[in-house]
Amino acid sequence: MSNINITIHTPDASSFRRTMGNISQETVHAITQKIEGGLMGLTTDRTDPSLHNITEGGQQEKYLVLSEEERARGFERPVRTSYIHKACGAVTTMNQAIAETYARDHTFYTGTFCSHCRQHFPLVDRQDVSAFTWIPDGSPVGS
């Protein structure tokens, strides 16, 4: 159990910060999933125009994921929901369907979002070095 600072960015671009004490990582993950699930959409349609619309908070209106049926076929990598952006040190926790898409096909995405920087970045930097690492094992996101 530990204290955690949470900043919530709302669709109207306002935000609030709250320090919460004695919260398990499982509870933090559940809260994050609920918030993310309510603020962004998911689609399996590669032609959905919302994939190209960026909200004031920096996220896409919708993110492309593999279908439930495809994800149910099994995973080639562990399902990991949180990663560190090496440039700023911030941890971002993603939606379960996105995490399962990474686990099913680790090459599906070429970039990801940093919740601290509030923008998307390529998975590798200009020197071809991983820009994000998975928690808890530190392996490169997308590998």
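The values are calculated or read from the model by the stated rules, or taken from the named source; none is laboratory data. Nothing here was measured: the structure is a model prediction, and the numbers come from that model. No Cβ is skipped: glycine too gets one built from the backbone with ideal geometry, and neighbour counts run over all protein chains shown.
Of 32, 27, all but one fail to be polar (S, T, N, Q), over 11 Å from the mean Cα position of the chain (by Cα), at pLDDT below 90 and in a helix (DSSP H, G or I); the exception is 27.
For first residues located in the range 54-74 and over 18 Å from residue 121 (Cβ atoms), partners that are aromatic (Phe, Trp, Tyr) and surrounded by fewer than 17 Cβ atoms within 10 Å (Cβ to Cβ) and lie 6+ apart or on another chain with Cβ distances below 8 Å form the pairs 66/108. If you go through the range 110-143 and pick out every residue that is assigned to a strand (DSSP E or B), without any contact (Cβ under 8 Å) to a residue 24 or more places away in the chain and either surrounded by fewer than 16 Cβ atoms within 10 Å (Cβ to Cβ) or of a type in the set (Val, Ile, Thr) (or both), you end up with 3. Out of all the residues in the range 73-109, which are under 15 Å from residue 135 (Cα atoms), of a type in the set (A, V, I, L, M) and in a loop (DSSP other than H, G, I, E, B)? The answer is 79, 90, 94.
Filtering 76, 70, 61 for residues that are out of contact with any Lys or Arg (no Cβ under 8 Å at 6 or more places or on another chain) and surrounded by fewer than 17 Cβ atoms within 10 Å (Cβ to Cβ) leaves a single hit, 61. For the range 41-65, the set of residues classified as within 15 Å of the chain's Cα centre (by Cα), under 17 Å from residue 104 (Cβ atoms) and not in a strand (DSSP E or B) consists of 65 only.
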